[in-house]
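The values are calculated or read from the model by the stated rules, or taken from the named source; none is laboratory data. Bear in mind the structure is a predicted one, so any value in this text is a computation, not a measurement. Here the Cβ is made from the backbone with ideal geometry for all residues, glycine too, and neighbour counts use every protein chain on show. Calculation scope for accessible area: heavy atoms of the full protein, side chains included, ligands and nucleic acids excluded. Shrake-Rupley method; radii C 1.70, N 1.55, O 1.52, S 1.80 Å.
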There are 2 protein chains.
Amino acid sequence: MTGENGIQAVDRAFDIVESLTELNGAGVSELARHVGLPKSTVHNHLNTLERAEYVVHEDGEYRTGLKFLQISESARNQHDLYQVARPEVDQVVEKTGEISALMAEEHGRGVFIYRNRGSEAARIDTCVGDRVPIHCTALGKVILAFLPEQRRQEIIDHHGLPAVNHNTITDRDVLAQELETIRDEKIAYDDEERLNGLRSVAAPILDGSGSVIGSISIAGPTHRMQGDRFQTELPEIVLGTANVIELNHQHS
Amino acid sequence: MTGENGIQAVDRAFDIVESLTELNGAGVSELARHVGLPKSTVHNHLNTLERAEYVVHEDGEYRTGLKFLQISESARNQHDLYQVARPEVDQVVEKTGEISALMAEEHGRGVFIYRNRGSEAARIDTCVGDRVPIHCTALGKVILAFLPEQRRQEIIDHHGLPAVNHNTITDRDVLAQELETIRDEKIAYDDEERLNGLRSVAAPILDGSGSVIGSISIAGPTHRMQGDRFQTELPEIVLGTANVIELNHQHS
DNA sequence: GAGAATCGTTCCACGGTGCTGAACACTTAT
DNA sequence: ATAAGTGTTCAGCACCGTGGAACGATTCTC
């Protein structure tokens, strides 16, 4: 499921944890079936994980523990982007009433670091922590555009350009050309390339030396994301916010 | 560091991850020294963890990866308390301008599930994901008070009543008596028992069958937490909010 | 109620595997 | 140029994680 050869016991432990999150808690037998291992092995792992408090054993069921919260908060704060940008995202939400999100790149995929939405905003599928192909989002494309040439090629070579949707860009040349204009405008658009009915605008967030550390976006239902608002107003807001974040980031 | 006997490789992997968060990223040698293992062993673990994307290898340094965010979000959402209560906490913050937080119990300790603060509110040390002894917080005491007698004894037996502060309750009888009055009033107070200069009020959040699933609090600097506000006004707010959360929780 | 089929847990012997220390290339100080 | 520091690779041995079978305890099914 995970890699090809690493420490077997560790790979298995994480397979079990991941299965546990997918199943939203489960018993030993159910888990054993799900990961394709004998009950005793799974039991052994669960015991270990529980003793380390990464797993909780309640009401005859095992669940993933909140100790992961401690680690993930620390991981998120190591991207110092998060601490600086979070309040700005909240402000964008207040100003626009739509969805605003923060993304960082990791292992060639886009990770939602933070997300907030106005009360009238679209219900959306993505959650904080979700990992999506980087070429199918405004947030991702804008990161990709500002990454060093070499890294960009590595990522595309490794992950390819799978079609997530009938609008997804799957051609390298088409993508390359779009990334070019993204670099010029410092703005990326997503016209329902990942989710039908959802459009978004995103801007890059650069550090002092000019390398991307993440991106910020505004997203909403297509019928509200049109004309001048989509072409001018929202891009200006998101670009302005990105600049504020960059400034605050450098003085921290 | 972790347990006494479980799967060695798994325990070590998590030791390494924890060290990585403590050190805010590190190299192989530094890590090896920190966990007291040969470089090669640590290297092997880091490779495994990186391949599974739980660790990132950048600029010649290893850091904890954002994949933990995915798991922790899932773990947090399994406590369905979080989804329901989060907006209510935000409202309390808006109403009072102080700090409001959400806690759940796990492995006998109190875990901060969510926290928010007004712009004028006290700077505070605790973060989401932090795990604190359960007897030294209003949030924790109120959970302890409403836990089944047996569980409560287990927790106290296992963890004891360590003094976090010169005000911390360390006597079992004194604690038992306070828990009694907490059960009566459905309100717990923390009078600088964990942090000097910080007072707080907390109320329990019960599910349909009457068992605690968590607690909610308002906290602030002692000089603002006094008189009628501390004795009546804030307790009423926190209790009312807890009730709203309980209602929303049952209809979800 | 008896029986079958779950469940979770415990045990032990075997074989595979994670551990280790040494050797490697490489950069940075001295 | 030497030395001390990195990170990485390799291979053999001891050990430890593995998985099958057997255990009680529940919960179904008839």
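Using the 1.4 Å probe convention, the accessible area of the range A:8-65 works out to 43 Å² per residue with neighbouring protein chains retained.
Sorted from shortest to longest, the distances between the B:E58 label points of this copy and the other copies are 3.4 nm, with each point 7 Å from Cα along the line through the beta carbon.
Answer rounded, prolate or oblate for the range A:127-207, using the Cα gyration tensor with square roots of eigenvalues a ≥ b ≥ c: rounded when a/c is under 1.5, else prolate when a/b is larger than b/c, else oblate. Here the range A:127-207 falls in the rounded category.
Computed from point charges on the beta carbon alone (+1 for Lys and Arg, -1 for Asp and Glu), the dipole magnitude for the protein assembly as shown about its Cα centre is near 280 Debye.
Projecting 7 Å from Cα along the Cα-to-Cβ direction, the label point of A:G227 sits 5.4 nm from its equivalents in the other copies, listed shortest first. Between the residues B:V28, B:V92, B:Q70, the greatest Cα displacement towards the positive end of the dipole of the range B:1-109, with unit charges on the Cβ of Lys, Arg, Asp and Glu, is found for B:V28. Classify the protein assembly as shown as rounded, prolate or oblate, taking a ≥ b ≥ c as the square roots of the eigenvalues of its Cα gyration tensor: rounded when a/c is under 1.5, otherwise prolate if a/b is larger than b/c and oblate if not. Judged from the Cα gyration tensor, the protein assembly as shown comes out oblate (a/c at least 1.5, b/c at or above a/b). By a 1.4 Å probe calculation restricted to protein chains, B:S119 has an accessible surface near 110 Å², given to the nearest 10. Within the listed set B:K141, B:K39, B:K95, the Gaussian network model of chain B (springs between alpha-carbon atoms below 10 Å) gives the highest mean-square fluctuation for B:K39.
The magnitude of the dipole of chain B, with charges of +1 and -1 set on the Cβ of Lys/Arg and Asp/Glu and taken from the Cα centre, is near 380 debye. Dipole check for the range A:169-252: with +1 at the C-beta of Lys and Arg, -1 at the C-beta of Asp and Glu, and the Cα centre as origin, the magnitude is about 280 Debye. Of the DSSP H helices in chain A, none is both long (alpha-carbon extent of 27 Å or more along the helix axis) and hydrophobic (Kyte-Doolittle mean at least 0.5).
When the charge dipole of the range A:113-157 is built from unit charges on Cβ atoms (+1 for Lys and Arg, -1 for Asp and Glu) and taken about the Cα centre, the candidate among A:V142, A:N116, A:V132 whose Cα reaches farthest toward its positive end is A:N116.
Pairs of Lys residues in the protein assembly as shown are counted when their Cα atoms are under 22 angstrom apart and they lie 8 or more places apart or on different chains; the count is 8. Label reach from B:S211 (point 7 Å along Cα→C-beta): in the range B:127-162, amide nitrogens under 16 Å belong to B:143-155. Excluding B:T96 itself, what net charge comes from residues whose Cβ is under 12 Å from its Cβ, given Lys and Arg +1 and Asp and Glu -1? Surrounding charge for B:T96 is -2. The overall shape of the range A:8-65 is rounded: from the C-alpha gyration tensor, with semi-axes ordered a ≥ b ≥ c, the ratio a/c is less than 1.5. Hey, how many Å between the Cα centroid of the range B:84-121 and the Cα centroid of the range B:154-208? The range B:84-121 and the range B:154-208 have Cα centres spaced 17 Å from each other. Tell me the distances, shortest first, between B:R123 and the same position across the other copies, using label points 7 Å along Cα→Cβ, in nm to one decimal. The answer, with the shortest distance listed first, is 4.2 nm.
Cα convex hull, chain B: 156 Å³ per residue, rounded to a whole number. For chain B, set up a Gaussian network in which alpha carbons nearer than 10 Å are linked by springs, and say which option among B:G227, B:G197, B:G240 fluctuates the most. Of the options given, B:G227 has the highest mean-square fluctuation. Comparing A:A121, A:A13, A:A163 in a Gaussian network model of chain A where C-alpha atoms under 10 Å apart are linked, the largest mean-square fluctuation is found at A:A13. Association of chains A and B removes close to 5000 square angstrom of accessible area from solvent, both sides included, for a probe radius of 1.4 Å.
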